[in-house]
Structure formats: C-alpha cells, structure tokens
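Working notes, beginning with the structure itself.
The values are calculated or read from the model by the stated rules, or taken from the named source; none is laboratory data. Everything quoted here is computed from the prediction, not taken from an experiment. Surface accessibility is based on the protein's heavy atoms, side chains included, excluding ligands, DNA and RNA. Shrake-Rupley method; radii C 1.70, N 1.55, O 1.52, S 1.80 Å.
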Amino acid sequence: MFLASQDGTRLFVTVRGPRDAPWIVLIHGLGLSSGSWDAVSDRLVGDHRVVTYDLRGHGRSEPSADQDYELSAHAADLDAVLSAVVGDEGAVLVGHSLGGAVILARAERSLLRIRGAVFVGSAGSAVTVPGLPGTAFPRPVQQAIRRSWLLLLQVGAQVAVRLRGVTWLTKVPARWWVFTAQDPSRAVNRATGEFLRTDPNVLARTALASVSDDGSTRAPLLRVPALILHGDRDKQAGKEDVQKLLGRLPDGQLVTLPGAGHMLPTTDSVAVALHVAEWVHHVAGSAPGSETPSPPVP
C-alpha cells in the first residue's frame with residue numbers, strides 16, 4: 001500500500017503478520033529498498049506484526065518533490081508510517097545502516113510509539129565528512145561547502161550508474177567495502193543492483209544528509225532499550241563509531257557477530273531475526289516513549 005508523508009511524498013509500505021502480535025518496523029539503508037529485509041521479515045512474521053517501507057526516492061516510494069532528503073524529512077516519513085500503521089502500543093524500530101540514523105532523527109522529533117530500537121550494521125551515521133557541516137564558517141561559506149560536496153556525490157553516483165555493467169567497477173568494490181569475501185554472490189548482486197537502480201540525485205542528496213553531521217549525538221534522546229548488532233568485519237560502521245553510539249545511548253547493549261560485515265540483513269538474516277525477536281521480548285514490558293524527548297546531555 002501507499003501512504004502520504006507530511007510533505008505529500010507517497011511511501012510504499014507493507015504490513016505482514018498476526019494483527020495482535022507485537023509491532024516491528026524495519027528501515028533499510030542507503031540505495032537499498034524494503035526488499036533488503038525480506039529474509040529477516042520472513043522469519044519474524046509468524047509471531048510479529050512486521051512493517052517495512054521504502055525510503056523516499058528508493059524502491060517504489062516517490063522522490064521528494066522539493067528534493068528534500070535531509071534526515072529530518074526521513075524522520076517525518078517514519079513518523080507518518082508509525083502514525084498511519086502502528087497503534088499507540090508502539091513498535092520496536094530496526095534500522096540498517098542509514099536506517100539507524102533515521103531512528104535517531106525520529107527520536108529527536110518524538111519518542112511517541114517507540115518501544116525499543118535495534119541498530120543493525122549502524123552507528124547512527126557517526127562519521128562526519130571533513131569540512132561538513134563547517135559551522136565555524138559564515139553561512140554563505142557553509143552553503144558553498146555543501147554545494148561542492150553535493151556536486152561531487154552526484155558525479156560519483158552518475159558515474160557508478162553508467163558503469164554498472166562493468167563488474168570490477170561495481171561488484172568488486174561493493175564486496176570489498178560493504179561485504180566480506182565469504183558473503184554469497186547473490187547478496188552482492190542484489191544489493192549492487194538495487195543501489196545502481198536508485199536515482200543518482202537521490203543517492204547523492206541522501207548521502208550528503210547522512211554525512212553532514214554526527215547523528216550519534218542524538219542518541220541520548222533515545223530513552224528506550226536499544227540494541228546494536230555489529231559485524232566485526234564491518235568497514236562502514238567501524239568499532240570506534242559503534243562504541244561512540246553505545247556510550248551515548250541511555251540504555252544500550254552491543255552484540256558482535258564474528259566474521260560478519262555491513263550487510264547483515266542479507267548475509268546474516270537468521271542471526272538478525274533471532275536477536276530482533278529476542279529484543280522485542282526484552283522490551284515487551286516497557287512503555288512506549290513519551291511525545292517529546294528531553295534535550296541531550298552536553
């Protein structure tokens with residue numbers, strides 16, 4: 001089904017599982033789609049009400065009419081999904097990669113309908129590109145820096161899309177950067193294909209939003225039980241960044257998966273589904289978050 005976000009962007013949403021089961025909302029990463037959760041969702045739907053949706057400009061969701069791909073826009077989209085689909089009892093939010101940053105952005109907006117969170121291969125976008133956001137500079141300089149980075153990212157995304165037929169320029173770097181040498185080729189092929197089918201402008205603007213600030217600074221606002229699932233071979237969400245996020249979460253736990261890389265939903269779906277199900281049970285007795293979070297501790 002489709003539903004409209006607060007700015008009118010139509011989002012593709014699926015809901016599966018028993019109506020009286022606890023709610024789980026799965027949020028995918030940059031350049032992917034809700035389909036990246038299929039193997040995990042299939043293992044959860046027997047005992048859970050599972051919601052997946054495509055981020056704006058990804059999969060079957062519409063692109064933003066005003067090209068707004070800031071984390072605040074993604075947080076508003078998640079809010080629209082929670083408001084339209086999930087009842088007042090709330091849900092456990094599960095975010096892969098960029099999806100973790102979306103959870104934290106939603107926590108900054110509101111904790112309503114959030115019972116708990118799971119960060120899968122995500123440090124909440126703890127990495128900030130040097131020179132961004134450049135808050136020490138006058139506003140015109142900040143804007144010029146962002147425009148320069150956006151242009152660089154757009155060019156890079158367009159080149160990648162045009163060269164998608166050249167395997168060693170697409171799948172080989174993907175295996176090195178986000179997968180491991182042991183991960184199955186079908187997972188690499190599917191993720192690479194989804195990424196290269198995404199509009200380069202969407203990729204560039206969403207990536208820019210992700211690296212423009214340290215999203216983990218919002219972690220103190222997430223005052224619900226939070227679990228981090230981290231592959232010890234993850235080059236995207238490094239150990240230092242994961243530890244930074246863990247230290248900032250009010251109620252956080254870390255589980256490390258030996259030998260695993262960044263794409264846990266597609267390469268380690270059994271382990272991810274097991275830990276998510278256990279976390280849902282763990283937070284079952286907690287109340288959903290309040291409407292407005294307190295400001296973070298400096």
Ignoring ligands, DNA and RNA, please state the percent of accessible area on the range 183-274 from carbon and sulfur, probe 1.4 Å.
49 percent
When DSSP beta bridges are limited to those with both residues in the range 1-128, what percentage is antiparallel, rounded to the nearest 5?
30 percent
Once you order the gyration tensor axes a ≥ b ≥ c over the Cα atoms, which shape class does the range 82-125 get: rounded for a/c under 1.5, otherwise prolate or oblate by comparing a/b with b/c?
prolate
Whose amide H sits under 5 Å from the amide H of GLN253, counting only residues 5 or more places off or on another chain, with H placed in the peptide plane?
ALA226, LEU227, ILE228
May I have the pair-distance distribution P(r) for the range 182-268, computed from all Cα-Cα distances with 5 Å bins from 0 and rounded to whole percent?
3, 12, 17, 18, 20, 17, 10, 2
Note, the range 44-50: 3J(HN,Hα) by Karplus (6.51, -1.76, 1.60, θ = phi - 60°), whole Hz, Gly/Pro = x, goes 9, 5, x, 10, 9, 8, 9
Shape of the range 27-89, Cα gyration tensor, a/c cut at 1.5:
oblate
Compute log10 of I(q)/I(0) for the range 1-121 with the Debye formula, placing one identical point scatterer on every Cα and leaving out solvent, at q = 0.23 Å⁻¹, to two decimals.
-1.49
Global form of the range 206-249, assessed from the alpha-carbon gyration tensor, a/c cut-off 1.5
oblate
With every atom except the alpha carbons ignored, what do you get for Rg and Dmax of the range 172-217, in angstroms?
13.2, 36
